1. Under 5 Å between amide H atoms, partner at least 5 residues away or on a different chain: which partners does L382 have, H built in plane at 1.01 Å?
2. Please give the net charge around K180, taking every other residue with its beta carbon less than 14 angstrom from that of K180, where Lys and Arg add +1 and Asp and Glu add -1.
3. Can you list the aspartates and glutamates whose alpha carbon sits under 20 Å from that of K137, skipping same-chain ones fewer than 8 residues off?
4. What is the sum of charges, Lys and Arg at +1 and Asp and Glu at -1, for the other residues whose Cβ falls under 14 Å from the Cβ of D315?
5. Quick check: net charge around V360, other residues with Cβ under 13 Å of its Cβ, Lys/Arg +1 and Asp/Glu -1?
6. Taking only the alpha-carbon atoms of the range 154-254, what semi-axes of the equivalent ellipsoid follow from 5 times the gyration tensor eigenvalues under a square root, in whole Å, largest first?
7. At 1.4 Å probe size, with the rest of the protein present, what percent of the exposed accessible area of the chain is carbon and sulfur atoms?
8. Among DSSP beta bridges lying fully in the chain, give the percent that are antiparallel, nearest 5.
Amino acid sequence: MKILVIGSGGREHALVWKIQQSPKVEKIYCIPGNGGIAQLAECVALDPTDVEALANFAQDKSIDLTVVGPEAPLVAGIADVFAKKGLKVFGPSARAAELEGSKSFAKNIMNKYGIPTGEANLFDNYGDAAAFLERLKAPYVIKADGLAAGKGVFIAKDKDEAKAALKSCLVEEQFGMAGKLVLIEEYLEGPELSVLAFSDGKDVIPMVPAQDYKRAYDNDEGLNTGGMGSYSPVSIVTSELYGQIVETVLKPTIEGLASEGIEYRGVLYAGIMLTKDGPRVLEFNVRFGDPETQAILPRLTSDIIEPMLAVANGDLSGVNLAWTDDVCITVVLASGGYPGDYSTGYPIKGLDEAGTVEGVTVFHAGTKVKDGRIVTAGGRVLNVSALGKDFEEARRKAYEAVGKIHFDNMHFRNDIALRAL
Ligand code: AMP
Ligand code: GLY
């Protein structure tokens with residue numbers, strides 16, 4: 001089979017790495033890819049949101065299956081365009097992708113179908129939103145409705161901060177159309193959990209649970225980032241609680257969408273907060289999580305092409321996933337300054353040495369090849385994933401490999417999976 005993967009981050013490197021292990025696969029293309037992906041796949045410099053150009057490429061190269069990593073092409077309708085041309089695609093339609101593309105759409109589905117989530121109110125103007133704050137207690141949770149690359153959620157400790165967040169969306173329009181509608185949501189507390197599942201539109205097959213680290217610095221200090229590390233499994237979730245989340249969140253979401261006439265085919269990812277009153281959905285994503293995928297896929301021992309094809313064909317029946325009991329942790333190596341301003345183009349040393357540590361795979365997130373050398377090319381640069389029989393071993397291996405890698409201004413968290421010990 002010929003496979004096309006869309007995207008350029010660590011998640012896509014992990015997807016290409018896992019897909020390439022399938023005996024069914026003869027050739028992988030990636031659009032646009034990165035310096036690490038280029039070692040496993042042919043990278044092609046097309047715009048990953050130009051869905052017509054992607055479909056033409058897939059037709060030209062007789063691609064058997066296209067796997068979509070990021071949300072933007074999904075929200076832009078890549079699955080619909082491919083389906084119209086008879087091309088197989090792994091990822092939901094534009095209507096289904098609204099679950100991530102519009103937080104108010106997701107809230108409406110959750111409220112209509114009884115899926116546990118925080119209470120929220122929707123506003124399209126600053127005056128009403130600011131007046132509503134007077135009825136609430138701090139802290140305040142403010143969310144831009146549309147896609148904002150992970151930057152559209154504000155947890156404000158007082159009213160001034162909350163009003164500034166509302167202004168940035170509704171008055172200054174910093175997020176463009178994505179911030180023209182804003183949700184003010186109930187503040188929830190508890191540990192967070194990422195639950196990912198394959199869905200064919202009727203049923204779901206959950207993957208193993210994972211947790212990610214969103215803040216830039218140790219002890220969850222600093223700004224929110226795209227993710228600074230992850231681990232799997234998550235010991236605070238018993239299999240009973242996990243089953244409950246599948247039954248009360250994932251299944252009714254897929255069934256609810258189906259009764260709206262929306263067939264959800266792809267990965268459904270629920271960001272869950274385990275509050276003292278039970279699990280509550282914080283958000284849905286319509287794709288694999290980044291960097292959760294880099295800690296989940298190394299644990300998958302069965303072929304990933306099988307569930308992906310089954311999803312694309314709309315029938316998961318008979319598909320089983322097999323997982324190792326080994327645990328996995330992923331440490332993100334970022335450019336100094338990220339998630340704020342940072343410089344790129346620094347040569348990366350020690351990649352080969354790091355890869356020799358047993359159980360370790362180094363996924364590239366923001367790298368490129370320049371004059372034959374791998375250099376930094378993004379905020380999140382590398383993801384060091386390590387399997388181990390327990391978290392102590394996985395942490396030891398991951399940080400041993402991290403110690404072998406160097407680039408100027410490299411920054412990472414030292415406490416990934418520490419709370420799992
Ligand atoms: P989201 O993109 O909606 O997952 O939000 C990003 C992060 O903001 C989450 O991972 C949580 O840490 C935090 N967050 C989101 N919603 C809430 C909420 N209702 N209460 C408290 N924290 C939240
Ligand atoms: N790790 C969070 C996300 O992929 O959105």
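The values are calculated or read from the model by the stated rules, or taken from the named source; none is laboratory data. As the structure is a computational prediction, the values presented were derived from the model and not from experiment. As a convention, Cβ positions derive from the backbone with ideal geometry for all residues, glycine included, and neighbour counts pool all protein chains shown. For accessibility, only protein heavy atoms count, side chains too; no ligands or nucleic acids. Shrake-Rupley method; radii C 1.70, N 1.55, O 1.52, S 1.80 Å.
1. Excluding prolines and chain starts, which carry no amide H, the hits are L333, A365, G366.
2. Working: positive: K103, K143, K167; negative: D124, D128, D145, E172, E173.
Neighbour charge sum, excluding K180 itself: -2.
3. Leaving aside aspartates and glutamates fewer than 8 places away in the same chain, those within reach of K137 are E119, D128, D158, D160, E161, E185, E186, E189, D277.
4. On the way: positive: K88, K202, R265; negative: D200, D203, E263, E306.
Around D315, the charge tally is -1.
5. Values: positive: R395, R396, K397, K404; negative: D326, D352, E353, E358, E393, E400.
With Lys, Arg at +1 and Asp, Glu at -1, the neighbours total -2.
6. Values: eigenvalues 190, 76, 34 Å².
Semi-axes (√(5λ), whole Å): 31, 19, 13.
7. Values: 8080 of 17260 Å².
It is 47 percent, rounded to a whole number.
8. Details: 63 of 78 bridges.
That works out to approximately 80 percent antiparallel.
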